[in-house]
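**Q** I have a structure here, written as structure tokens, and I will follow up with some questions on it.
The values are calculated or read from the model by the stated rules, or taken from the named source; none is laboratory data. Everything numeric here is computed off the predicted structure, so don't read it as measured data. FYI the Cβ positions are ideal-geometry reconstructions off the backbone, even for glycines, and counts take in every protein chain you see. Protein only, heavy atoms only, side chains kept; ligands, DNA and RNA dropped before computing areas. Shrake-Rupley method; radii C 1.70, N 1.55, O 1.52, S 1.80 Å.
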Amino acid sequence: MENTIRLVGISGSLRHTSHNTSTLRAVKEVLPENVEYEILDLAHVPFYNQDVESVGIPEAVQQLVDQLAQADAIVVASPEYNGMIPGVLKNALDWFSRPSVRAAIDGKPVGLIGASLSPNAAARANKQLFTLLTNMRTAPQEGSEVLVGEATAKFSPDGKLIDAEILSKLQKLVEKLVEAVEAKNTVEVAA
Ligand code: FNR
């Protein structure tokens with residue numbers, strides 16, 4: 001029996017019919033049997049404020065940190081707003097990077113997804129996200145990004161991914177994350 005690997009998804013869009021969240025939902029279709037998966041909800045994360053942090057990590061943030069702590073790998077799907085990642089996502093990642101909670105993400109493999117309405121497919125935001133995740137000392141996986149351009153055409157009206165090529169890329173992304181987790185576990189056992 002293979003070891004269970006836990007994967008969590010984070011969407012940078014709070015929109016009910018978000019293409020980024022829909023892409024994260026499509027990940028469920030390509031999961032190997034030994035991978036458990038849940039999508040986190042950033043809707044209740046307060047604005048980062050060091051005065052608030054000095055009193056204690058807010059409950060809404062702590063709940064997400066607890067879920068991240070259980071995860072072996074993370075997949076982040078981000079839209080592009082004016083060429084950058086949305087404030088909602090940056091704000092949440094800033095909380096997760098704080099010293100008292102950052103162990104929950106430290107060194108963990110991260111897969112990147114970017115969906116947008118333009119053909120450019122959130123590529124600029126994706127680059128920034130890669131840099132940000134590197135600065136946060138996670139392990140963003142290079143070369144396996146899944147960029148979903150002209151996203152409206154890639155989903156059915158009820159939000160189901162209908163593009164076989166994107167689904168295949170999601171499968172490769174999950175495979176890469178599983179490999180990265182297994183490689184990390186091997187190093188940690190050897191150490
Ligand atoms: C956008 N959009 C957008 N798209 C893009 O490819 N590059 C961009 O710079 C921007 N800028 C931008 C700014 C703001 C404020 C909004 C609200 C939107 C369009 C964006 O791709 C589209 O709204 C996506 O559908 C957002 O992702 P979700 O919500 O579908 O996941």
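**Q** What relative contact order, as a whole-number percentage, does the stretch 34-191 give when Cα pairs under 8 Å and 6 or more residues apart are counted?
**A** 20
**Q** Name the residue, out of T138, T21, T152, whose mean-square fluctuation peaks in a Gaussian network model built on the chain with Cα pairs under 10 Å.
**A** Result for the chain, Cα springs under 10 Å: T152 fluctuates most.
**Q** What distance in nm lies between label points placed 7 Å from Cα along the C-beta direction at R137 and N185?
**A** Taking the simple label geometry, R137 and N185 are separated by 2.4 nm.
**Q** Using a 1.4 Å probe on the protein chains only, how many percent of the accessible area of the stretch 129-191 belongs to carbon and sulfur?
**A** The C+S portion of the solvent-accessible surface of the stretch 129-191 is 55 percent.
**Q** Oh, and also: Pairs of alpha-carbon atoms within less than 8 angstrom and 6+ residues apart define the contacts here; what relative contact order does the stretch 4-80 have, in percent?
**A** Relative contact order, the stretch 4-80: 53 percent.
**Q** Setting aside same-chain residues fewer than 8 positions from K28, which aspartates and glutamates have a Cα under 19 Å from its Cα?
**A** E2, E36, E38, D41, D72, E145, D158, D163, E165, E175, E179
**Q** Mind running the shape call on the stretch 1-112? Use the C-alpha gyration tensor, a ≥ b ≥ c as the square roots of the eigenvalues: rounded below 1.5 for a/c, prolate if a/b tops b/c, oblate otherwise.
**A** On the way: a/c = 2.16, a/b = 1.25, b/c = 1.73.
Oblate.
**Q** Suppose we flag GluC sites (Glu not before Pro) only when DSSP calls them loop and at most 15 other Cβ atoms lie within 10 Å. Which is the longest uninterrupted stretch of the chain? Before the final figure, lay out each step's value.
**A** On the way: sites that count: E2, E33, E142, E150.
The segment 34-141 is the longest one with no such site.
**Q** Please identify the trypsin sites (Lys or Arg not before Pro) of the stretch 1-43 that satisfy two criteria: DSSP loop assignment and at most 15 other Cβ atoms within 10 Å. Which are they?
**A** Working: sites: R6, R15, R25, K28; in loops: R15.
Taking the stretch 1-43 and a limit of 15 other Cβ atoms within 10 Å, the loop trypsin sites (Lys or Arg not before Pro) found are R15.
**Q** Pull up all non-local amide H partners of Y37: gap of 5 or more, or a different chain, and H-to-H distance under 5 Å with H placed in the peptide plane.
**A** Answer set, sorted by chain and number: L7.
**Q** May I pose another question? Are there any trypsin sites (Lys or Arg not before Pro) in the stretch 116-160 that are in a DSSP loop and have at most 14 other Cβ atoms within 10 Å? List them by number.
**A** On the way: sites: R124, K127, R137, K154, K160; in loops: R137, K160.
Listed in order of number, the matching sites are R137, K160.
**Q** Could you tell me what percent of the accessible area of the stretch 1-83 is made up of carbon and sulfur, with a 1.4 Å probe and every protein chain present?
**A** 47
**Q** Separate question: At 222 nm, what helix-only mean residue ellipticity would the chain give, in deg cm²/dmol to the nearest 500, using -39500 (n - 2.57) for each DSSP H run of four or more?
**A** After summing the helix terms and dividing by residue count, I get -12500 deg cm²/dmol.
**Q** Oh, and also: From the square roots a ≥ b ≥ c of the eigenvalues of the alpha-carbon gyration tensor of the stretch 103-171, which class results: rounded (a/c under 1.5), prolate (a/b over b/c), or oblate?
**A** Cα axes put the stretch 103-171 in the prolate bin.
**Q** Something else about it: Output the antiparallel fraction of DSSP beta bridges having both residues in the chain, as a percent to the nearest 5. Display every interim value, and only then the final one.
**A** Details: 2 of 21 bridges.
The antiparallel proportion sits near 10 percent.
**Q** Would you list which lysines come within 17 Å of K127, measuring only between C-alpha atoms, while excluding same-chain residues fewer than 8 positions from it?
**A** K90
**Q** Averaged per residue, what accessible area in Å² does the stretch 60-191 show with a 1.4 Å probe, protein chains only?
**A** Dividing the accessible area of the stretch 60-191 by its residue count gives 48 Å².
**Q** Please state the shape class of the chain: rounded when a/c is under 1.5, otherwise prolate if a/b exceeds b/c and oblate if not, all from the C-alpha gyration tensor.
**A** It is oblate, given that a/c is not under 1.5 and a/b is not larger than b/c.
**Q** Count neighbours as other Cβ atoms within 10 Å of each site's Cβ, and list the chymotrypsin sites (Phe, Trp or Tyr not before Pro) in the stretch 39-93 that are DSSP loop with at most 15 such neighbours.
**A** Of the chymotrypsin sites (Phe, Trp or Tyr not before Pro), the ones in loops of the stretch 39-93 whose Cβ has at most 15 other Cβ atoms within 10 Å are F47.
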